[in-house]
Protein chains: 2
Amino acid sequence: MIASGIKRGTAELAVLSVLESGALHGYEIARRIERQTKGSLRFTLAALYPMLYRMEKHRWIRGEWETSPIGRRRRCYRLTHAGKKKLAPLRREWSELFAALRRLEGVSNA
Amino acid sequence: MIASGIKRGTAELAVLSVLESGALHGYEIARRIERQTKGSLRFTLAALYPMLYRMEKHRWIRGEWETSPIGRRRRCYRLTHAGKKKLAPLRREWSELFAALRRLEGVSNA
DNA sequence: CGATTATATATAATATTCCTATACATAAGG
DNA sequence: CCTTATGTATAGGAATATTATATATAATCG
């Protein structure tokens with residue numbers, strides 16, 4: 001797993017990315033991030049929930065309570081229009097960071 | 001410039017990277033990072049100095065007071081053996097983070 | 001000749017974002 | 001019955017960046 005100090009700031013991008021393909025609830029968001037990154041990126045739920053609340057406050061996502069097939073209540077989040085618009089510049093900024101670190105020879109060019 | 005939330009955690013890698021090619025003092029480290037990344041990555045000196053003290057405490061760098069040609073006192077830092085050994089795994093971890101974000105389609109594959 | 005910019009280091013107060021620990025509640029499997 | 005999985009939620013703390021401030025000197029510009 002990638003150390004906490006290094007992955008700092010990635011949660012926002014990760015959440016927006018996994019929500020792009022459809023609505024998910026918090027617990028499932030955590031699993032998707034872990035699975036899709038093959039375990040490299042992993043967030044505790046204690047980190048994820050406050051992040052989701054912040055993002056909802058910013059109007060990038062919107063949560064709705066629903067009931068699962070077995071009767072569990074859970075909060076399902078979907079990207080808002082503002083959230084979709086936020087993704088592109090966020091990705092650009094991350095790409096720029098990677099380019100900057102490559103220029104410092106901080107990471108490989110592969 | 002890349003926003004603070006995103007670049008969080010890069011300072012350590014950036015400092016080690018610019019020190020790899022030779023000893024530098026704090027003020028110059030800040031300039032090198034900014035110049036080499038074409039302004040993408042920029043740290044305030046108030047962030048850099050405590051970072052240098054931490055890294056010296058960890059024995060990754062060692063500082064020595066010297067006097068510049070015009071008589072200014074400044075603290076010159078160079079990588080220690082431990083600091084050089086730290087760079088490789090740190091770079092691997094950052095590469096792994098980039099790969100993880102690409103798998104989430106959070107950034108371009110370019 | 002005075003003001004600003006550049007050089008150089010240092011600390012205090014604050015913000016953000018992650019962590020561990022804890023709490024609650026239910027279902028499924030061994 | 002006990003553990004693991006499913007779900008959401010908050011408290012307390014750690015790490016790393018920010019702005020603001022302080023000190024001190026040299027160079028440059030109007």
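Quick note: the coordinates plus some simple rules give every number you see, no bench work behind them. Every value quoted in this text rests on a predicted model; they were computed, and no experiment measured them. Because the Cβ atoms are built from the backbone with ideal geometry, glycine has one as well, and the counts that use them run over all protein chains shown.
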How big is Rg to Rh over chain A, alpha-carbon atoms, Rh as the Kirkwood inverse-mean-distance radius? 1.01
Between B:Tyr49 and B:Ser4, 0.36 nm times their residue separation minus their Cα-Cα distance comes to what? 14.5 nm
For a test of understanding, tell me how many lysine pairs in chain A have Cα atoms under 19 Å apart, given they are 8 or more places apart or on different chains. 4
Given the C-alpha centroids of region B:49-110 and region B:1-38, what is the distance between them in whole angstrom? 8 Å
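Given the convex hull of the Cα atoms of the protein assembly as shown, what is a quarter of its surface area in nm²? It would help to have the intermediate numbers written out before the result.
Numbers: hull surface 54.4 nm².
For the protein assembly as shown, averaging the hull's shadow over all directions gives 13.6 nm².
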Distances in nm between the label point of B:Arg8 (7 Å along Cα→Cβ) and its equivalents in the other copies, shortest first, are 0.7
Amide H to amide H, which residues 5 or more places from A:Arg42 or on other chains are under 5 Å from it, using H placed in the peptide plane? A:Ile2
Average other protein chain Cβ within 10 Å of Cβ, residues A:89-97: 6
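Take every Cα pair under 8 Å in chain A that's 6+ residues apart, average their separations, divide by the length, and report that relative contact order as a whole percent.
26 percent
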Just the ratio, please: alpha-carbon radius of gyration of region A:48-88 over 2.2 N^0.38 Å, N its number of residues. 1.29
With R₀ set to 22 angstrom, the calculated FRET efficiency between the beta-carbons of B:Lys57 and A:Ala99, to the nearest 0.05, is 0.10
at A:Lys38 the sorted inter-copy label distances (label 7 Å from Cα on Cβ side), in nanometres, are 3.1
Give the Rg/Rh ratio for region B:17-66, taking Rg as the radius of gyration of the Cα atoms and Rh as the Kirkwood radius, to two decimals. 0.95
Using Cα atoms only, what is the angle between the long axis of helix A:26-36 and the major principal axis of chain A, expressed in degrees (0 to 90) to the nearest 10? 40 degrees
Once the label point is placed 7 Å from Cα along Cβ, list for A:Glu20 the distances to the corresponding points in the other copies, in nm, shortest first. 3.0
Would you mind computing, in nm to one decimal, how far apart the modelled labels at A:Arg72 and A:Arg31 are, each placed 7 Å from Cα along Cα→Cβ? 0.7 nm
